[in-house]
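Report on the following structure.
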Amino acid sequence: MNDTLFQKVYNPDVLSCLSNLSNDEVFTPPEVVNQMLDLLPQELFRNPDTTFLDPACKTGVFLREIAKRLIKGLEPQFPDLQERVDHIFHKQLFGIAITELTSLLSRRGLYCSKFPNGELSVSHFDTAEGNIRYKRTQHTWKDGKCVFCGANKEQYARGDALETYAYEFIHAENLEKLFDMKFDVIIGNPPYQLSDGGNGASAKPIYNLFVEQAKKLKPRFLSMIIPSRWFAGGKGLDDFRASMLDDNHLTKLVDYANAKECFSGISLSGGVCYFLWEKDANRMCEVTNIKDGVRNTITRSLKQYPILVRYNDAISIIEKVLSQNEHILSKIVSGVSPFGIETKVRGVPNKDNYHGICLHASVGQSYLAPEEVPKGKEWLDKYKVIVSQTSAEHAGEPSKDGRFRVVSGSLKAIGPNEVCTHSYLTVGPFEDMKTTENCCEYFKTKFVRFLILQAITSIHLTRGVFMFVPTQDFSKPWTDEELYTKYNLTQEEIDFIESMIKPMDLNDGDDNG
């Protein structure tokens with residue numbers, strides 16, 4: 001093969017301009033792929049026996065960028081370019097496409113031809129799929145759900161004309177027989193979720209299944225780019241989070257709090273991360289935060305807390321707070337829907353002798369009869385704080401100035417015979433309005449909202465996100481200055497909090513970006 005011709009034909013950057021199929025099938029930019037490849041020992045790309053698998057091919061970008069490194073790294077062993085390319089494509093690079101369309105894209109991206117047995121392919125194969133396979137796979141249904149991925153039968157039991165989204169890699173009972181070989185490196189960007197048939201846009205994460213399945217193959221190295229929501233668990237992720245935090249083979253973790261810094265134009269609630277898992281390693285993890293293009297890296301244990309604290313600079317602050325051994329606010333925060341009243345419920349507009357319970361909803365106040373409050377009646381004669389269970393930021397992304405407000409402006413102190421819809425959590429109960437108002441003001445401090453931020457990886461606030469927030473003596477109001485002093489924060493730690501959290505009274509509008 002002519003070297004000049006190869007450089008002209010083998011141009012991988014064209015596919016970086018493609019739009020994503022959906023937020024669940026995000027195409028990985030070549031520069032991000034190369035950052036992930038940089039985590040690997042570079043001698044892998046100088047070894048003609050190293051094997052690579054992308055189990056979730058979309059455009060073939062991972063295999064393509066690996067090929068470029070191998071083509072350069074194996075030149076001493078294979079001076080002839082065509083011989084080198086043939087060896088790499090036939091013996092070292094393997095992929096499993098997630099759909100028929102992405103199989104064609106991946107082959108076009110890697111082999112320069114949708115059909116590697118054709119004359120335009122830069123390396124000739126005897127079959128039309130080469131080493132990038134696609135097999136239409138069916139779900140295995142039991143009680144209306146797929147036993148492998150949890151897909152809802154009503155949505156995904158489809159005819160031959162539609163994709164089943166039964167991804168072969170996580171539906172194979174004999175996974176090791178797909179290629180009948182061992183892989184040194186498994187790397188990729190798996191699909192993120194499938195609709196589970198719940199209310200609204202309810203969906204079940206599946207990226208964790210790709211990670212767990214890849215580990216079963218026992219590669220020397222595993223690297224995947226996935227949503228960061230697993231840091232704090234979430235639907236179907238608690239066991240996965242626990243296993244990841246307890247895994248000393250997880251040696252490097254790179255995290256983007258704002259996914260747009262990694263995937264331009266894509267909003268992923270809770271951000272996105274990629275990691276390196278090494279079979280032969282047993283050590284603490286090198287954690288890198290990327291915010292506004294600035295990298296902050298420290299080596300630390302991932303199992304220090306029940307969740308993974310995202311920001312390295314927050315660790316010392318949390319340690320100082322928890323060292324006081326105070327009661328934690330999550331002990332007095334309700335679960336979801338404290339009064340069992342759905343968000344859509346509306347009472348009568350005016351209070352009367354029958355409708356004496358004030359209902360707080362996102363659209364304002366109305367009034368209910370006592371029997372219209374299904375649960376939480378023990379709170380009815382108490383004072384409490386209500387806080388929206390939806391955070392102030394869209395998809396966990398900061399505002400244009402890089403700061404968060406975290407808690408929405410719907411925060412409110414309410415009294416006896418006042419309740420709220422499913423849209424709110426309650427904090428308390430308290431015995432009088434003054435104590436309740438002081439607690440409400442406590443929520444507005446940057447100190448509290450910073451600690452809440454450390455446990456958030458989605459748009460929703462739950463009882464768990466208050467795990468680092470200490471309870472105070474609410475007979476008095478608290479200021480940030482008092483709290484900074486109480487917990488002996490350094491000026492550097494104070495500056496970090498101030499750089500992350502905006503004032504509650506800042507009317508920023510819808511400026512997330």
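The values are calculated or read from the model by the stated rules, or taken from the named source; none is laboratory data. Being a predicted model, the structure only gives us computed values, none of them experimental. Ideal geometry is used to build each Cβ from the backbone, glycine not excepted, and the neighbour counts take in all protein chains shown. All accessible areas refer to the heavy atoms of the entire protein, side chains included, with ligands and DNA or RNA removed. Shrake-Rupley method; radii C 1.70, N 1.55, O 1.52, S 1.80 Å.
Numbers for the structure displayed
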read-out	value
Helix axis angle, 207-216 relative to the chain longest principal axis, alpha carbon, degrees	50 degrees
Compactness of the range 144-278 as Cα Rg over 2.2 N^0.38 Å, two decimals	1.10
Neighbour-limited loop hits for trypsin sites (Lys or Arg not before Pro), the range 222-279 (at most 15 other Cβ within 10 Å; DSSP other than H, G, I, E, B)	LYS235, LYS279
Charge dipole of the range 320-468 about the Cα centre (unit charges at C-beta), most positive-ward option of VAL419, TYR442, PHE430	TYR442
Whole-Å semi-axes of the range 55-156's equivalent ellipsoid (Cα gyration tensor)	34, 14, 10
Relative contact order for the chain, counting Cα pairs under 8 Å that sit 6 or more residues apart, in percent	10 percent
SER499 - accessible surface, heavy atoms, 1.4 Å probe, Å² rounded to 10	60 Å²
Placed amide H near THR288: partners under 5 Å, 5+ positions off or other chain	LEU253, VAL254, ASP255
For the chain: span of alpha carbons on each principal axis (Å, largest first)	87, 55, 37
For the range 234-316: span of alpha carbons on each principal axis (Å, largest first)	36, 29, 27
Per residue convex hull volume, Cα atoms of the range 392-465, in Å³	98 Å³
Reachable aspartates and glutamates, given that their alpha-carbon falls under 12 Å from the alpha-carbon of LYS382 and they are not under 8 places away in the same chain	GLU418, GLU431, ASP432
Accessible surface of the range 289-418, 1.4 Å probe, proportion on carbon and sulfur as whole %	50 percent
Kirkwood hydrodynamic radius of the range 374-513, from inverse mean 1/r over distinct Cα pairs, in Å	15.8 Å
Probe 1.4 Å - accessible area at ILE71, Å² to nearest ten	20 Å²
Measure of compaction for the range 122-220 (Cα Rg per 2.2 N^0.38 Å)	1.21
Angle in degrees between helix 61-73 and the longest Cα principal axis of the chain, rounded to the nearest 10	50 degrees
Long-range HN-HN contacts of LEU194 with modeled amide H, under 5 Å	LYS204, ILE206
Once exposed loop GluC sites (Glu not before Pro) are cut out (DSSP; at most 14 other Cβ, 10 Å), longest piece of the chain	174-325
Set LYS260/LYS344; LYS375/LYS412; LYS291/LYS320 screened for pairs whose C-alpha atoms are more than 27 Å apart	LYS260/LYS344
Aspartates and glutamates whose Cα lies under 20 Å from that of LYS68, excluding same-chain neighbours fewer than 8 positions away	ASP3, ASP13, GLU31, ASP38, GLU43, ASP49, ASP54, ASP80, GLU83, ASP86, ASP184
Members of LYS252/LYS303; LYS91/LYS182; LYS204/LYS303; LYS235/LYS377 lying beyond 19 Å, as alpha-carbon distances in this model show	LYS204/LYS303; LYS235/LYS377
Cβ charges +1 (Lys, Arg) and -1 (Asp, Glu), total dipole of the chain, debye	640 debye
Relative contact order computed over the range 163-236 (Cα-Cα under 8 Å; 6+ residues apart), in percent	35 percent
In Å², nearest 10: area of ILE266 left accessible to a 1.4 Å probe	20 Å²
Residue (of TYR484, THR50, ASN152) at the positive-pole extreme of the chain, dipole from beta-carbon charges	ASN152
